[in-house]
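The values are calculated or read from the model by the stated rules, or taken from the named source; none is laboratory data. Values in this document were obtained by computation on a predicted structure and should not be read as measured data. Here Cβ is always computed from backbone atoms with ideal geometry, including for glycine, and neighbour counts include all displayed protein chains.
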Amino acid sequence: MEERQGTLNELHGMLGFIDSIEVYNRTHTSDSPSEKRSSRERVYREFLIFSTFYAAKMPVVICEGQTDNVYLTHAIRRLAAEFPDLAEVMPDKKIKLKVRLYKYPRSSTARLLGLKDGGSALLSKFIGTYKKEISHFAAPGLTNPVVILYDNDSGGDGIKKTIRDVAKVVTAGTDQFVHVLKNLYAVATPLVEDAKPSTIEDFFDASIKATVVDGKTFNPGKDFEADKHYGKVVFAHKVVRPKADTIDFTGFRPLLTNLVAAINKHKAAVISAAP
């Protein structure tokens, strides 16, 4: 036996295993679940914040939910040649993403980080507590940016307010990006047609959004008639994903340009701060 330094992946595996045992025990007991995190959960949560955001190995983009991840992944892949900061075309023609799109798995990670299935309210809270969450880390980090990507409509007003409170910057949603603090940035979806509010679905061609699925039409709103319309999850997984190779993603160019601007801003800041 020889003593050696452990790795983050090994530590992650250990903490994840301990957490799975705790979750199992909770679900197999008659005790009512506690609202407070246990000491083991707090340690695991700190590790996740450190490894996922503070010491991220590549730029991290946090969207408002899982459907945005699907859109963005395929947009980056299709426009990889135009955005080498976001993806690399390998010799075998495969596309390798150079950013990490934070996923919203129904797992301990989403539960402990408090991001759950996403949404503007949870992202606002994330922004508001980020400084405190990373304040006690002393190890080297902050070399890669964490970018919050949010819809530039009334649903994003809460995020804009939190940005104003934290960064002391007033944003009308017209900026390419806002540097919130440390390695945290925010990018709103670019305004459309005469500076109208926008959501990420606005960057798809109208013909794709007109796709009929099981006799129903797409409605991106929260409230719709289920017998007549389908929502974002169906659009992402039954329209965008299977048709990704033929969809026109050029409408995403302004958004990807703004993401690159935020990433390069942080990269330049890290270089200028180097001894």
Problem set entry | Lone unmet requirement of (1) modelled with pLDDT of 95 or more; (2) within 21 Å of Asp68 (Cβ to Cβ) for Pro197 | (1)
For this session: Given the conditions (1) in a loop (DSSP other than H, G, I, E, B); (2) modelled with pLDDT of 90 or more, report the number of the one that Arg45 does not fulfil.
Result: (1)
For this session: Kindly list, by first and then second residue, each pair from a residue in the stretch 205-221 that is of a type in the set (Val, Ile, Thr) to a residue that is assigned to a strand (DSSP E or B) and surrounded by fewer than 17 Cβ atoms within 10 Å (Cβ to Cβ), limited to pairs with Cβ atoms under 8 Å and residues at least 6 apart or on different chains.
Result: Thr217/His229
Exercise. Can you find even one residue in the stretch 62-70 that is surrounded by fewer than 20 Cβ atoms within 10 Å (Cβ to Cβ) and either charged (D, E, K, R) or farther than 30 Å from Gly231 by Cα (or both)?
Worked result: no
Problem set entry | Verdict on Ser39 being at pLDDT below 90 and either touching a Phe, Trp or Tyr at 6+ places or on another chain (Cβ under 6 Å) or surrounded by fewer than 18 Cβ atoms within 10 Å (Cβ to Cβ) (or both) | yes
For this session: Go through Ile76, Ile21 for me and flag whichever is within 17 Å of the chain's Cα centre (by Cα) and either among the acidic types (Asp, Glu) or part of a helix (DSSP H, G or I) (or both).
Result: Ile76
Exercise. Pairs under 8 Å by beta carbon, first residue under 27 Å from Lys98 (Cα atoms) in the stretch 141-168, partner of a type in the set (Asp, Glu), six or more apart or different chains?
Worked result: Leu149/Glu64; Leu149/Asp68; Tyr150/Glu64; Asp151/Glu64
Problem set entry | Subset of the stretch 235-266 that is without any contact (Cβ under 8 Å) to a residue 60 or more places away in the chain and buried (at least 16 other Cβ atoms within 10 Å of the Cβ) - its residue that is nearest to Lys57 (Cα to Cα) | Gly251
Seminar exercise, completed: Result of the Cβ filter at 7 Å on the stretch 5-28, keeping first residues that are of a type in the set (Gly, Ala, Ser) and partners that are part of a helix (DSSP H, G or I), at least 6 apart or interchain, is Gly16/Ser108
For this session: Scan the stretch 210-259 residue by residue and report those that are among the aliphatic types (A, V, I, L, M) and modelled with pLDDT of 95 or more.
Result: Ala210, Val212, Val213, Val234, Ala236, Val239, Val240, Ala244, Ile247, Leu255, Leu256, Leu259
Exercise. Which residue, of Lys116, Lys57, is free of Cβ contacts under 8 Å to residues at least 60 places away in the same chain and either within 30 Å of Thr189 (Cα to Cα) or in a loop (DSSP other than H, G, I, E, B) (or both)?
Worked result: Lys116
Exercise. Which residues, counting only those in the stretch 163-208, are crowded, with 21+ Cβ neighbours inside 10 Å and of a type in the set (S, T, N, Q)?
Worked result: Asn183, Thr189, Ser198
Exercise. So which of Leu115, Leu79 is on the phi < 0 side of the Ramachandran plot and modelled with pLDDT of 95 or more?
Worked result: Leu79
Seminar exercise, completed: Within the stretch 214-224, residues in a loop (DSSP other than H, G, I, E, B), touching a strand residue (DSSP E or B) at 6+ places or on another chain (Cβ under 9 Å) and over 17 Å from Glu64 (Cβ atoms) come out as Asp214, Asn219, Phe224
Exercise. Could you list, in sequence order, the residues of the stretch 71-98 that are basic (Lys, Arg) and buried (at least 18 other Cβ atoms within 10 Å of the Cβ)?
Worked result: Arg77, Arg78
